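The structure appears right after this line, and notes come after that.
The values are calculated or read from the model by the stated rules, or taken from the named source; none is laboratory data. Quick caveat: nothing in here was measured; it's all calculated off a predicted structure. Every residue, glycine among them, receives a Cβ derived from its backbone with ideal geometry; neighbour counts consider all protein chains shown.
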RNA sequence: GCGCCUAUAGCUCAGAGGAUAGAGCACUGGCCUCCGGAGCCAGGAGCGCAGGUUCGAGUCCUGCUAGGCGCACCA
């Protein structure tokens, strides 16, 4: 069973190998430099092979990375390191042979062999200008690509039961799923987002009975509350509203009453969840109702489909799906001996529906308590006739809220837990999203409530937003002084020589690649960290370099630079679903 | 018992098999005649344990240890 996140395509061959191709009509210029270097390296390998100096059966995949240490050049490749074995020479020997075939000139000012056998490339200033021109040209689309070529991906996330308010893990899932959707769209995928509403199962029945009991208690305080009922106060509030909206509900025959409360109650919960999510910046393309699957006979269809394929058998009065054929730990019951469908039956029918609607990649984002679910669903998708990797399940880990450095106690059984709405009310939508997106999915994250509301540089979300607000302030004052922001073509970009300026430009050049990595590796936290890095470099620039007040040529070049940083910061924040305030 | 996640600086966390393992916080000391000090600059310390694969392992494999979570004819 494969339980870790599987990229849609392995990005390895794509990013590190020979073909860095961004589709669409406008190729990203900064990445075009990278592509040129890739090609030059491959040509050098071919020439070295032709001359007999190197012998390969095939060229291994290699990395072209931006070194942390600027002394290692603008780009560095490990091609010699990874191909040393195939060449039966030391990495240093391979590297020194290859550099002979890499022509210096044009945008390449120097090529050298360093360390254990890296080939370091030093580029002319011109390529930095290319980055700024790319940002200017592409603006709000900077970093987008057509890598996905329209492949249809369905992201399902949150999918909380409609029996209570959303919790903090739901909030984490919402932030991660929404940003992943934005990232995949930016990479040219045809993305759909869905929330599966589990409104037909036992839990919905229990919820309906809890609601009825609360209604009766409002009339007769001694009326007993079901032992396994939902204890939260929100059920009482809902009961009050129900008695106002439909006072005759308690007069209905029991079965009708239950059916009504189940439908009405879950609808109310769904409406509340949708409103909370909207306030959090998350809108779903579709809220898919489990009850529709039942009403449309889709479960029966699924059973017939599986029966035809021979995936079913009966035992102990129940109908079983032989999921072990497809690598599941054990077979699963689809119809219980009492004739009722199990939860998994409906969920398989739902996934079948997604596939029939033309999605070729399904991504489910689930909480940590559902990891045991992966095997059976991957088995189901295969039994439906699709490849093992069609379904990809991302498991989020738990969230611990910290106040005064101590965990906030939560008890689901007692109905005491912090809801997503409370969290967002307390720390704000931007801080909540950023804190969830800062960490990798699999981290068990500590959410520091005190830090999230702090208005200081210690609070990462403020740190990033403040950088944006500072830029806006500069541009505003320029405008007030009658100084327009020029275009890259109108200024002398070679005046940007300060370390902070160079670092800013290089960092901006990394965004397209970061977006691609974040999307394909399912690592949205890369973008949050990217935004923090870029903001940090900007703050340093701000302290060391002035914009307004400098001589016109330098001032104008810096205005262009600052304008570009604004675009890139805005773009990063937009991908995170976080606002970019002009003033704070 | 089986499965999943985690273990990196005092704390919270990054780290695409590669160069000297990085940030932030905390602690200490500096920086405002100047575009927003909600900022900047400078200082110490670390990969849970044991093997293995590799030219090279925080990263991959195996076995331990510790913490979190899950193992239904519940959803």
Scan the range A:335-353 for residues that are crowded, with 17+ Cβ neighbours inside 10 Å and either under 10 Å from residue A:380 (Cα atoms) or out of contact with any helix residue (DSSP H, G or I) (no Cβ under 8 Å at 6 or more places or on another chain) (or both) and jot them down.
-> A:342, A:344, A:345, A:347, A:348, A:349, A:351, A:352
Quick one: count up the residues across the range A:116-162 that are touching a strand residue (DSSP E or B) at 6+ places or on another chain (Cβ under 8 Å) and at negative phi.
-> 17
When residue A:82 is evaluated against the numbered criteria (1) at pLDDT below 85; (2) out of contact with any helix residue (DSSP H, G or I) (no Cβ under 8 Å at 6 or more places or on another chain); (3) within 14 Å of residue A:117 (Cα to Cα), which criterion, by number, is the only one it fails?
-> (1)
When restricted to A:103, A:70, the only residue more than 21 Å from residue A:512 (Cβ to Cβ), more than 10 Å from RNA strand B (Cβ to nearest atom) and either within 34 Å of the chain's Cα centre (by Cα) or surrounded by fewer than 16 Cβ atoms within 10 Å (Cβ to Cβ) (or both) is A:103
With A:43, A:35, A:61, A:53 as the choices, which residue is more than 28 Å from residue A:138 (Cα to Cα) and modelled with pLDDT under 85?
-> A:61
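Only one of these is free of Cβ contacts under 8 Å to residues at least 60 places away in the same chain, farther than 30 Å from residue A:252 by Cβ and buried (at least 22 other Cβ atoms within 10 Å of the Cβ): A:181, A:134, A:173, A:186. Name it. Step through it out loud before you land on a result.
Values: A:134 fails: free of Cβ contacts under 8 Å to residues at least 60 places away in the same chain; A:173 fails: free of Cβ contacts under 8 Å to residues at least 60 places away in the same chain; A:186 fails: free of Cβ contacts under 8 Å to residues at least 60 places away in the same chain.
The conditions single out A:181.
Select from the range A:46-65 the residues that are more than 17 Å from residue A:81 (Cβ to Cβ) and touching a helix residue (DSSP H, G or I) at 6+ places or on another chain (Cβ under 7 Å) and list them in ascending order.
Keep residues of the range A:46-65 that are more than 17 Å from residue A:81 (Cβ to Cβ), which gives A:46-47, A:49-53, A:55, A:57.
Residues satisfying the conditions are A:53, A:55, A:57.
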Please go through the range A:453-464 and pick out each residue that is buried (at least 20 other Cβ atoms within 10 Å of the Cβ) and at pLDDT below 90.
-> A:459
Of the residues A:318, A:295, which single one is farther than 23 Å from residue A:177 by Cα, out of contact with any helix residue (DSSP H, G or I) (no Cβ under 7 Å at 6 or more places or on another chain), at pLDDT 95 or above and more than 9 Å from RNA strand B (Cβ to nearest atom)?
-> A:295
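Report yes if some residue within the range A:321-330 is part of a helix (DSSP H, G or I) and crowded, with 17+ Cβ neighbours inside 10 Å; otherwise report no. Even if it seems obvious, please write down each step before you answer.
First pass over the range A:321-330, keeping only residues part of a helix (DSSP H, G or I): A:323-326.
If we keep only those that are crowded, with 17+ Cβ neighbours inside 10 Å as well, we get A:323, A:326.
Checked against the condition, which is being part of a helix (DSSP H, G or I) and crowded, with 17+ Cβ neighbours inside 10 Å, the range A:321-330 yields at least one hit.
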Condition met for residue A:289 (within 30 Å of residue A:166 (Cα to Cα) and within 15 Å of RNA strand B (Cβ to nearest atom)) | yes
Of the conditions (1) under 18 Å from residue A:374 (Cα atoms); (2) part of a helix (DSSP H, G or I), residue A:307 clears all except one; give me its number.
-> (1)
For the subset of the range A:521-552 comprising residues that are modelled with pLDDT of 95 or more and more than 10 Å from RNA strand B (Cβ to nearest atom), which member is surrounded by the most Cβ atoms within 10 Å (Cβ to Cβ)?
-> A:531
Output yes when any residue across the range A:494-501 is touching a strand residue (DSSP E or B) at 6+ places or on another chain (Cβ under 7 Å) and loosely packed, with under 15 Cβ neighbours inside 10 Å, and no when none is.
-> no
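Among A:86, A:95, which is the only one that is within 14 Å of RNA strand B (Cβ to nearest atom), surrounded by fewer than 18 Cβ atoms within 10 Å (Cβ to Cβ), in the same structural domain as residue A:44 (by TED's automatic domain parsing) and more than 30 Å from residue A:488 (Cβ to Cβ)? Spell out how you get there, then give the answer.
On the way: A:95 fails: surrounded by fewer than 18 Cβ atoms within 10 Å (Cβ to Cβ).
Testing whether each residue is within 14 Å of RNA strand B (Cβ to nearest atom), surrounded by fewer than 18 Cβ atoms within 10 Å (Cβ to Cβ), in the same structural domain as residue A:44 (by TED's automatic domain parsing) and more than 30 Å from residue A:488 (Cβ to Cβ) leaves just A:86.
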Sole miss for residue A:85 among (1) within 28 Å of residue A:512 (Cβ to Cβ); (2) in a helix (DSSP H, G or I) is condition (1)
Name the helices (runs of 4 or more DSSP H) wholly inside the range A:384-490 in which the number of residues that are within 30 Å of residue A:374 (Cβ to Cβ) and more than 8 Å from RNA strand B (Cβ to nearest atom) is 3 or more.
-> A:420-427, A:429-438
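If we keep just the residues of the range A:513-543 that are out of contact with any strand residue (DSSP E or B) (no Cβ under 9 Å at 6 or more places or on another chain) and outside any helix (DSSP H, G or I), which is farthest from residue A:576 (Cα to Cα)? First the steps, then the outcome.
Going residue by residue through the range A:513-543, those that are out of contact with any strand residue (DSSP E or B) (no Cβ under 9 Å at 6 or more places or on another chain) are A:513-521, A:523-543.
With outside any helix (DSSP H, G or I) added as a condition, the list becomes A:521, A:523-524.
Working: A:521: 16, A:523: 12, A:524: 8 Å.
Out of the qualifying residues, it is A:521.
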Every residue from the range A:331-371 that is more than 22 Å from the chain's Cα centre (by Cα), free of Cβ contacts under 8 Å to residues at least 40 places away in the same chain, within 11 Å of RNA strand B (Cβ to nearest atom) and assigned to a helix (DSSP H, G or I) = A:344
Residues located in the range A:284-304, provided they are without any contact (Cβ under 8 Å) to a residue 40 or more places away in the chain and either closer than 30 Å to residue A:575 by Cα or assigned to a helix (DSSP H, G or I) (or both) = A:292, A:295, A:300, A:304
